[in-house]
Amino acid sequence: MVATPIGNLADITLRALDTLRAVDVVLAEDTRTTGQLLSQHGVRARLKALHEHNEASAASAVVEMLRAGEQVALVSDAGTPAISDPGARLVRHVREAGFAVVPIPGPSALAAALSVSGTEGAFAFLGFLPAKSGARVAELERWRDFPHALVLYEAPHRVRETLADLARVLGVEREVLIARELTKLFEQIHACALGEAEAWIAADANRERGEFVLVVSPPAAPREREAAEGERVLSILLEAVPVKQAAKLAAAITGARKNELYARALELRKGFNAEDAEDAEGRREGS
Ligand code: SAM
């Protein structure tokens, strides 16, 4: 399984080139695309097509080649084979037939986008979401409460719709990293709130072109959500009841910490008092 560049042709490893030179057959998703890459690097190889429509039948043919003592490499159009690309069925079939399957690692849009996202720890890779909005929203709802980052691939003609659905289902406040045309001439990496993402794309027709990875940051931790909700309720209650009572009620309603709310209520009350004083001042000057 040989990884190839996701745009910049220089992003191919020495081991990938050695392997592609050494094997008897290179299976390629699109023999023309791979032919160009190989000729760019002066590699001559016997190319055969393996794509999603012939993967099952090609798998049997590959096992025959391996039994005949041949070595076979698989490449996809770009990046790492079998990541949102054909190859997984072939891998299973070949391993079940008793042959080794070896990774020759290299570029993948998934790893490239993640590496510049600032994501720490776990994440889920969703690949491409369903093309139709109903199915896409249903799939996203399954991930709404997932406590880690989400990584998605998207096609240019659907990126705006998908960003709108992401904002609707996951919330406008979560951050998204839009990684466009990675490693290519017009590479662009933009981070913003999900609520601003569709408008950012719409602001320039060029931003809707090319290939995209979207990395959505994890949801706010439950404690942070509670604290934010506590403060929202507190500021409403402070309009009607004294500080201590407002903090107590806001804590009971939202589960946020009473002491923190009390401290915040005193700060807010100072603000209110200052505003009241300004209002009174204004009224005196006006009268
Ligand atoms: N196997 C590939 C990999 O390892 O990344 C992915 C193949 S998948 C069919 C193609 C999708 O990957 C594109 O629609 C896009 O979402 C993403 N992708 C590939 N190259 C990219 C690039 N240069 N910049 C951003 N996204 C890219």
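The values are calculated or read from the model by the stated rules, or taken from the named source; none is laboratory data. None of the values given here were measured: they were computed from a predicted structure. Cβ: placed from backbone, ideal geometry, glycine included. Neighbour counts: every protein chain shown. The area values use the complete protein model at the heavy-atom level, side chains included, leaving out ligands, DNA and RNA. Shrake-Rupley method; radii C 1.70, N 1.55, O 1.52, S 1.80 Å.
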With +1 at each Lys and Arg Cβ and -1 at each Asp and Glu Cβ, the charge dipole magnitude of region 222-278 around its Cα centre, to the nearest 20 debye, comes out at 340
Here region 126-134 yields Karplus 3J(HN,Hα) values (6.51, -1.76, 1.60; θ = phi - 60°; whole Hz; Gly and Pro given as x) of 9, x, 8, 6, x, 6, 8, 4, x
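Please work out how much length the chain gains when fully extended from L185 to A221, using 0.36 nm per residue of separation minus the C-alpha to C-alpha distance, in nm with one decimal.
So the chain would gain 9.2 nm between L185 and A221.
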Quick calc, region 28-143, dipole around Cα centre from Cβ unit charges on Lys, Arg (+) and Asp, Glu (-), nearest 20 debye, gives 200
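In a shell of Cβ-Cβ distance under 14 Å around E181, excluding E181 itself, what net charge do Lys and Arg (+1) and Asp and Glu (-1) give?
Net charge around E181: -2.
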Computed ³J(HN,Hα) along region 156-166: with the Karplus parameters 6.51/-1.76/1.60, θ = phi - 60°, integer Hz and x for glycine or proline, the list is x, 6, 10, 5, 5, 4, 5, 4, 5, 5, 4
Ignoring ligands and nucleic acids, E198 exposes an accessible area, probe 1.4 Å, in Å² to the nearest 10, of 70
Inter-part gap, Cα centre of region 4-45 to Cα centre of region 187-259, in whole angstrom, is 46
Calc'd 3J(HN,Hα), region 105-111, phi into Karplus 6.51 cos²θ - 1.76 cosθ + 1.60 (θ = phi - 60°), Hz, glycine/Pro = x, comes to x, x, x, 8, 4, 4, 5
For A49, other-chain or 5+-apart residues with amide H closer than 5 Å (H placed, Pro excluded) are A28
Under the helix-only model (-39500 (n - 2.57) for each DSSP H run of 4 or more, divided by the residues of the chain), the mean residue ellipticity at 222 nm, to 500 deg cm²/dmol, is -15000 deg cm²/dmol
To the nearest 20 debye, the chain has a Cα-centred charge dipole, built from +1 on Lys and Arg Cβ and -1 on Asp and Glu Cβ, of 660
Comparing V216, V159, V116 in a Gaussian network model of the chain (Cα, 10 Å), the one with the largest mean-square fluctuation is V116
Of all DSSP beta bridges with both partners in the chain, the antiparallel percent, nearest 5, is 55
